[in-house]
Structure formats: structure tokens, C-alpha cells
Amino acid sequence: MQSVEDFEPTGAFEAIKVLGRELQHSKERIKNLENDILESRGPSSSVNPDAAKALVRRAEKAETLVNQLKEELAASENTQAKLNLKIEKLQTRIDKLKAVKQEQQELVILSNNDRAPTNCVVELDTKLKNEAKEKQEALAKSDSLKKEVSRLDALLRKEAADGRARINEFREVEERNGVWTIEQYFMLAEDYPKHQNRPDYLSLRPVCLASMDLRTYLEADQTLKWVAQSMICLANPERLLWASTACQIGLAFGPLYRYTGSQRGWVKDSHFTRRYGKDVELFFTNGDRVYYAGRYKCHDIRTQNPQGCFRRDAKSAEALADVTFDNHTRSRNDGMWQMVNALYRDGVLKAECAILHCVGFNHKVHDILASRYEILNGLERRRKEEREMPEPPRAPKKSRGH
């Protein structure tokens, strides 16, 4: 006969404790996953609408699955609680039956010829076996529940990982489609090394008039012809912004798209393609005069921010509209030019931004051009003064009679 002691519930209780801890951990993971999903569904005005909708749909599916898993876990918890109560009751009954059996066995010893106590012991033994069997079935159900919790836990882990992956994807889409602010460009360049030997903005001297064709002017001089091959000239502040008066970092702006006419229409373009990664001699206009800023490395950051930036103020929009057309031939009175100007001001068209990092300052170029301008400007000023001087009075004509 199998002994009642073979059916001790100690191992089952330990398994139930472990199971309870795993259920608690599963609930915590569900909560974390819910938070991840809520974060991934957060609104963002700069994200591509189609990509955002797709990610939201995926987040909603994940949320539905999490709700289903929560319901399954809740049901599992209820079942586990019932099993715990049942096993406790079974253990109490087994303990009572064992006590009764012990008493009956003692009676059998005292009265070997009495069959009634022997029959009672046999009946109790049968009851003990039945109770033990029921207890074993309850423990088996507990093992099955433990496996189910492990399965749900694995699903939750996978869904949590997928949720985090969707959040990362959502953020990457947002970053790719975001329009940077001017401050973001300057922050990107704030750790660039500084060039020590250069004058600041207020120390720069004008080198020519803005109405002059600077490239032709430089090409005509054999000593400065090389400057014309690597120069760019931008209007400040319409197409050039400085981080500070130290002129160490500048932002250059150009159209992201170029209008080529009615046949080809709009094409993606860059004014700085030939300059990226190279050193350029930078000139800029301010008012009616041109200044030499120095030598700058032209950094391409389109991979970090392909969407460019807004340049909505009136003067910047006009300057960008001027260079958006082939050969820059459109008059500002032209209807197409006015439409493009409005698109920049409304933020529909955005500007490409290149970072200009000072790597040198050619004092010889600056001093030669500035000195020539002062001489030419002085000559022009004297000519103007001479033209504005009143003519000396003419001597009166003598009459013929005298």
C-alpha cells in the first residue's frame, strides 16, 4: 500500500510561490509595454503623415495583443488562486485523515479480533488515496498553468521588444523628416576647432561694391585669379548667418529644388555640391558693399538633415527665389517668381543649409582688395564732389560800344 506521506504538498507550494512571482513580473512587463506603446503613439507634427499612420496602426495592434495577454494572465491568476485554495483544503483533509487512520490503527492493535476497526482503517486508507489522487491532479494543473504563464511571458517579452523597436523606428522617421532650426545647425558645429589668427566681423574692411561682378574683377588680376576659382559670395543675412561676430562658424543657404522650366519642372538641386568637403574663399555682401570673410571648409550635413530649414522672412525668401530659377533670369515682377517667393515665405519650399567652418584668413587678399577699394572709393568720391560743385560764375560780356 502506498503511504500517505508520499503525497506531501511542500514542492507544490514552492512551485506556486515561484509562479506567483512570475505572474507579478509579467504584470510589470505588461505595464512597461503599455507605456512604450503610448509613447510610440505620441503626436509629432514633423513626421511624414503616412509613416506616422502606419506606425500608429502597428502600435494599436500591439495594444490589442497586450490587452488579450492581460486577460489571459488575469484568468490564469484566478485559476491559480483557486488551485492554491484547493491544495490547502486537501492538505488539511489529508492531515485529519492521517490522524484518524493513526487512531484506528491503534484500535486494531488493541482488538485484533474485532473486524469493524479493521474495515474502518481500510475505508480511511481508500479515502486517503482518493484525496491524494485529487491533490496530484491539482498539482498537475498547477504545472500546466506554470507552462502557460511561461508562454505568455515569452509573448510579452517579444511584444515589448517589438514595441521598443517600433518606438525607435518612429523616432528615426521623425528625425529623418524633421525640419531643423537654425539653433540645431549651430549646436552641431559648436565643437569645431577655432581658427585663432583672424579679425572679427567689425574689423573687416569692404573690398568692392556689391554692384560689381566680383568674379570677373578677381579674374582680371593675375595675383588674385586663383581666388576666383574657389570663391563663393553670399548675401548677409539673407543667405549667410554668423554664429557670432567672431565669424568662426557660418550657415550658408541655398534652394533645395531648382525650377528648370515647364518641360522638366522642379528638380532636386544643390548650390554647394561642388564646394562640399573643400575649402572656399568666402565673400559676403552687406548693404551695397562686399567683404572678404576668410577661408572656410564647406560641410555637407544633408545625411543628418535632408529636409533643410525654413527661411520665411521676406528678404531671405526673396534672395532664395532669385536663385531658384535656371540662370537666375526671372524678374521679381514675374508671376512665377512671386509664386516661388510666397512658397518660401509659407514654408512649403525649404532651404538647404551648409555649415561653413573657418580654417584660415588670407590677410594678403583682404588687404590688397580693401586698399584698392579705398583708393577707388576715394577717387569716386572726389569725382562726385567735383560733379556736385557749383560752376564758377561767368564774367559778363563787354558791350561793343566800349
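The values are calculated or read from the model by the stated rules, or taken from the named source; none is laboratory data. The structure displayed is predicted, hence computed values, not measured ones. Because the Cβ atoms are built from the backbone with ideal geometry, glycine has one as well, and the counts that use them run over all protein chains shown. When the accessible area is computed, the model is the full protein with side chains, heavy atoms only, and any ligands, DNA or RNA have been set aside. Shrake-Rupley method; radii C 1.70, N 1.55, O 1.52, S 1.80 Å.
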Flagged in the stretch 201-216 as among the hydroxyl-bearing types (Ser, Thr, Tyr) and either touching a strand residue (DSSP E or B) at 6+ places or on another chain (Cβ under 9 Å) or surrounded by 10 or more Cβ atoms within 10 Å (Cβ to Cβ) (or both), in numbering order, are Tyr201, Ser203
Give the residue that is least open to solvent (accessible area, probe 1.4 Å), with candidates limited to residues of the stretch 241-275 that are under 30 Å from Leu204 (Cβ atoms) and among the hydroxyl-bearing types (Ser, Thr, Tyr).
-> Ser270
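Yes or no, residue by residue, for (1) modelled with pLDDT under 75; (2) in a helix (DSSP H, G or I); (3) touching an Asp or Glu at 6+ places or on another chain (Cβ under 7 Å):
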position: Glu137; (1), (2), (3): no, yes, no
position: Ser144; (1), (2), (3): no, yes, no
position: Glu148; (1), (2), (3): no, yes, no
position: Leu155; (1), (2), (3): no, yes, no
position: Lys158; (1), (2), (3): no, yes, no
position: Gly163; (1), (2), (3): yes, yes, yes
position: Phe170; (1), (2), (3): yes, yes, no
position: Val173; (1), (2), (3): yes, yes, no
Can you find even one residue in the stretch 296-312 that is closer than 24 Å to Glu183 by Cβ, in contact (Cβ under 8 Å) with a residue 60 or more places away in the chain, aromatic (Phe, Trp, Tyr) and open to solvent by less than 50 Å² (accessible area, probe 1.4 Å)?
-> yes
Scan of the stretch 348-360 for residues that are under 24 Å from the mean Cα position of the chain (by Cα) and open to solvent by 10 Å² or more (accessible area, probe 1.4 Å), ordered by number | Val348, Leu349, Lys350
Qualifying positions in the stretch 201-249 - farther than 30 Å from Lys350 by Cα and part of a loop (DSSP other than H, G, I, E, B) = Leu204, Arg205, Ala220, Asp221, Gln222, Thr223, Leu224
Of all residues in the stretch 326-347, which are touching a Ser or Thr at 6+ places or on another chain (Cβ under 7 Å) and either on the phi > 0 side of the Ramachandran plot or loosely packed, with under 15 Cβ neighbours inside 10 Å (or both)?
-> Asp326
Would you tally the residues in the stretch 179-200 being of a type outside the set (A, V, I, L, M, F, W, C) and either surrounded by 17 or more Cβ atoms within 10 Å (Cβ to Cβ) or outside any loop (DSSP other than H, G, I, E, B) (or both)?
-> 5
When restricted to His363, His299, the only residue over 20 Å from Ser211 (Cα atoms) and more than 32 Å from the chain's Cα centre (by Cα) is His363
Determine whether Lys268 is at pLDDT 95 or above, of a type in the set (Lys, Arg) and within 28 Å of the chain's Cα centre (by Cα).
-> no
Within the stretch 325-346, count every residue that is in contact (Cβ under 8 Å) with a residue 40 or more places away in the chain and either charged (D, E, K, R) or closer than 29 Å to Leu204 by Cβ (or both).
-> 1
